[in-house]
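The values are calculated or read from the model by the stated rules, or taken from the named source; none is laboratory data. Since this is a predicted model, take the numbers as computed values, not measurements. When we count neighbours, we look across all protein chains shown, and the Cβ atoms used for this are built from the backbone with ideal geometry, even at glycine. Just the protein is used for accessible areas: all its heavy atoms, side chains included, with ligands, DNA and RNA removed. Shrake-Rupley method; radii C 1.70, N 1.55, O 1.52, S 1.80 Å.
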Amino acid sequence: MTVMFTRQQFDEACREFIHAHQSISSAYEARLSGWSWKEHHTLPGFGYMHRIVTLNWRHPASADTFLEIDDSLDVVDDGTTASHDSPDSLTCHQYVVLSATFRVPAFYFSIHGSSGSPLQLTDIMQTSLLREDVCEGTVATTFAVSHPAMNFPLLSQGEHPTLGTPCWYFHPCETASTVEEILKESEENSRRPLSWMEAWFTVLSTAVDMQ
């Protein structure tokens, strides 16, 4: 069964997920907790899930072992972006929104240093947000991380669909088929919005350390 969420179904699935994971009884539950539902301040029907987590820096050289930087691009430090030389912790805003094109959940995020400045992509790859093996064999530019064998970028920069603020997001093109593969053993569960959302988070956690 191919799942494509309507706006109402997405809203209901998110609210059910948030309610189901309010209490923390295990490490697994902790990784799925902390989310809240946000509505657009003027336009109904554009709600999304949101939470804030604290991240740390990895060793500065760790990302270089699996991330190829496009040498044709110059990374300009204009003083408005955070530096990985800082020992300070990082603030990550995480969002779950409905993809208008693919009609499935999509994960958006932004990461800021203690000064409030956003991180550049090369620095994002050196934080604790992404699992260390997720970008093996990929090439990074200033606005995307791509794999030569994939039609769409793995990670791209774009505006938050509701807030209109700059974010990074994982392309949701393969989301439905991957989630359905997890749920294929139980046709009954695959029809439950909560089960679908939990399976989606399982898929997301292969790339993102949900901590």
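Numbers for the structure displayed
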| read-out | value |
| --- | --- |
| Flag if Ala199 is of a type outside the set (S, T, N, Q), open to solvent by less than 20 Å² (accessible area, probe 1.4 Å), modelled with pLDDT of 90 or more and farther than 30 Å from Pro44 by Cα | no |
| Test: residue in region 61-69 that is at pLDDT 70 or above and open to solvent by less than 60 Å² (accessible area, probe 1.4 Å) | no |
| Subset of region 100-127 that is in contact with a Cys (Cβ under 9 Å, 6 or more places away or on another chain) and open to solvent by 10 Å² or more (accessible area, probe 1.4 Å) - its residue that is nearest to Tyr48 (Cα to Cα) | Tyr108 |
| Unique match (being at pLDDT 85 or above, among the hydrophobic types (A, V, I, L, M, F, W, C) and surrounded by fewer than 17 Cβ atoms within 10 Å (Cβ to Cβ)) among Val139, Val179 | Val139 |
